[in-house]
Amino acid sequence: MAASQSPVLILLGPPGAGKGTQARILEEDFGLIQLSTGDLLRAAVASGSEAGRRAKSVMDAGGLVSDEIVLAILRDRMAAPDVARGIILDGFPRTDGQASALDVLLAETGQRVTAAISLEVDDEAMVGRVAGRSTCATCGEGYHDEFKRPAVAGTCDKCGGTAFKRRADDTAETVRERLKAYHAQTAPLIAYYDGKGVLERIDAMGTIAAIRAALGAIVGRVAA
Ligand SMILES: [Zn+2]
């Protein structure tokens, strides 16, 4: 392993676990750069690089960009100087096969995944958080059946409006389905990184500040 290893983090977490918020905090606190697959693809296509042109022709034909092209784009991106302090990968790898290919790529430059951080949630508590949400149809103020009810039932605290909206996909059933799909997809990846000894689990049900502190402790340790 090269002495110059900077953190290469994989952030794993289901929708609603606060992954985006925590990635932004890691960027601020440690100067890391978040690389999401979607952004990488768009930038590569816009740049007209060889890998970007290959990705474009696949996407124009309605196909799925192969792992090999994504890895080529990632290789190009990681050669840029702004990622020298470390990266957070978001959306890749998604499978243990991709994780293994990523290890091969990182090894080319003497690097490795320093930590795969799993934001762990309590599924039923997540269902309760998301499923109880509503917003005022007039001013957009957010409410929750359990955690944030208007002072006067049925009347918005802010504007006095009496109509409330709920997102159709925020039902208990759809949240449970999303979590089930996440666990099924992520289990092999968690097992892969656990086997490599780099898996870190964080309780993502705490406050943003508590999660920030737990993440900071991990990054401080692996970056040392
Ligand atoms: Zn209102």
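All of the numbers you see were taken from the coordinates with simple rules; none came from a lab. What you see is a predicted model; the values in this text were computed from it and never measured. Because the Cβ atoms are built from the backbone with ideal geometry, glycine has one as well, and the counts that use them run over all protein chains shown.
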Selection from the range 132-182 of residues that are assigned to a loop (DSSP other than H, G, I, E, B), away from the ligand (no atom under 15 Å from the Cβ) and of a type in the set (D, E, K, R):
ASP145, GLU146, ARG167, ASP169, ASP170
Here's a check for you: in the range 133-156, which residue that is of a type outside the set (Asp, Glu) and touching an Asp or Glu at 6+ places or on another chain (Cβ under 8 Å) is nearest to THR174 (Cα to Cα)?
ARG133
Go through the range 68-105 and give me each residue that's in a helix (DSSP H, G or I) and closer than 22 Å to HIS183 by Cβ.
ASP96, GLY97, GLN98, ALA99, SER100, LEU102
Which ones in the range 168-224 are under 30 Å from ASP145 (Cβ atoms), β-branched (Val, Ile, Thr) and in contact (Cβ under 8 Å) with a residue 24 or more places away in the chain?
THR171, VAL175, THR186, ILE202, ILE208, ILE211
Give the residue that is nearest to GLY18 (Cα to Cα), with candidates limited to residues of the range 94-123 that are crowded, with 18+ Cβ neighbours inside 10 Å and not aliphatic (A, V, I, L, M).
SER118
Picked from the range 95-120 (must be out of contact with any Asp or Glu (no Cβ under 8 Å at 6 or more places or on another chain) and of a type in the set (D, E, K, R)), the residue nearest to PRO188 (Cα to Cα) is ASP96
Restricting to the range 18-67, count the residues that are outside any loop (DSSP other than H, G, I, E, B) and either under 25 Å from ARG212 (Cα atoms) or touching a helix residue (DSSP H, G or I) at 6+ places or on another chain (Cβ under 6 Å) (or both).
29
